[in-house]
Amino acid sequence: MTEMLRIIHLSDTHGCHRSLKSMPEGDILLHSGDFTNSGTDGELADFNNWLGELRRIYKHIIVIPGNHDWGQANNHYSRGEVPAKEMYDGTYLKKRLTNCTMLFHEGIVVEGLNIFGSGWDCWQSAGSPDKRYSDSVTEQLGVKAFKVRYSLIPPNSDVVLTHCPPRNILDCVEGSDSPWGSSQLLVEELVKKAPKVLLFGHLHEQRGYFQKNPSDGSFSGGVEYVVPPKNWVPKTKPVSKKIPCQVLSNNAMLNHGRMDKSSSYLAGSPRVITAQRVSGGGWNFVAQANPVAK
């Protein structure tokens, strides 16, 4: 029985994955979305090929889509070239990513870990994921009420992947203290379902992590993104003790071009999270701090 696992968390690489010349050793590679800029066939094929090259390093590779990864699919769908069902169940992207397991509101058991992926739905609004950007897919399939599908997260998962952050957790936009692109519905599900680890991205300027202190339930950590040239760190909010997760990781790795006035590059490195089996069959998780790209 495996007693310790190394999980590698990537997010928001936006087509720059090949600039990662050295990947850390690990057992499970997880990517929480926005692996492309626009979800074109060329971008998806290159990312899929890169994942294939990594299969010699990682026993398991699991991804979920982010909002950018639906770009070309949305265009094809609007022209009637993609069935609504392929958008609703993720088949459009699953067919193009053959060198990984893409989780789309579904779970898998890997090395004794219960992992659930709540991929970005094509109708979600980038700035307000709890609101709909478009109803056309759900209406065509006869889904009468718009639903954000975080409610499908099962109780007591070990690791949950979403693309967006929970509301008020690493979600302050562009140096302000205002939330953007985060979900209150996800917060409610975290409190009810109590996953041990939540992995996400979406807000590049909020790349960072929080680790729960088991003795008093408080969280340590914060933003790791540093804005050049003055190297200031964007503000964020403290995490409520009501959040049950041991680890909260936003590892959106691409820089924020408007803030640092630079072309695209990976400002963050892969994050290593260690899972240690404890008596009774459960797991404890510890995240590695990861302030700058190597």
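Note on the chain: with neighbouring protein chains present and a 1.4 Å probe, carbon and sulfur make up 51 percent of its accessible heavy-atom surface. Find the all-direction average of the projected area of the Cα convex hull for the range 39-193, expressing the result in square nanometres with one decimal place. Hull-based average projected area comes out at 10.2 nm².
Pairs from the table (21/196; 196/241; 131/196) lying more than 20 angstrom apart at Cα are 21/196; 131/196.
Here r is the Cβ-Cβ distance between residue 242 and residue 141 and R0 is 51 Å; the resulting FRET efficiency, rounded to 0.05, is 0.90. Bridge orientation summary for the chain: considering DSSP beta bridges with both residues in this region, about 55 percent are antiparallel.
Altogether, the Stokes-Einstein calculation at 4 °C and 1.567 mPa s, with the Kirkwood radius of the chain over Cα pairs as Rh, returns a diffusion coefficient of 68 µm²/s.
Only aspartates and glutamates eight or more places from residue 242 in sequence, or on another chain, were considered; those with a Cα closer than 20 Å are 158, 171, 188, 189, 216. Residues in the range 32-142 average 42 Å² of solvent-accessible surface per residue, probe 1.4 Å, ligands and nucleic acids excluded. Projecting the Cα atoms of 259, 278, 152 onto the dipole axis of the chain, where Lys and Arg carry +1 and Asp and Glu carry -1 at the beta carbon, places 278 farthest toward the positive end. Taking all protein chains together and rolling a 1.4 Å probe, residue 224 ends up with roughly 20 Å² accessible. With an 8 Å cut-off on Cα pairs and a minimum separation of 6 or more residues, tell me the relative contact order of the chain in percent. Computed value for the chain: 18 percent relative contact order.
Excluding ligands, DNA and RNA, the accessible surface per residue across the range 179-294 is 44 Å² with a 1.4 Å probe.
The values are calculated or read from the model by the stated rules, or taken from the named source; none is laboratory data. If you're wondering where the values come from, they're calculated on a predicted model, not measured in any experiment. When we count neighbours, we look across all protein chains shown, and the Cβ atoms used for this are built from the backbone with ideal geometry, even at glycine. The accessibility values were calculated without ligands, DNA or RNA, using every heavy atom of the protein model including side chains. Shrake-Rupley method; radii C 1.70, N 1.55, O 1.52, S 1.80 Å.
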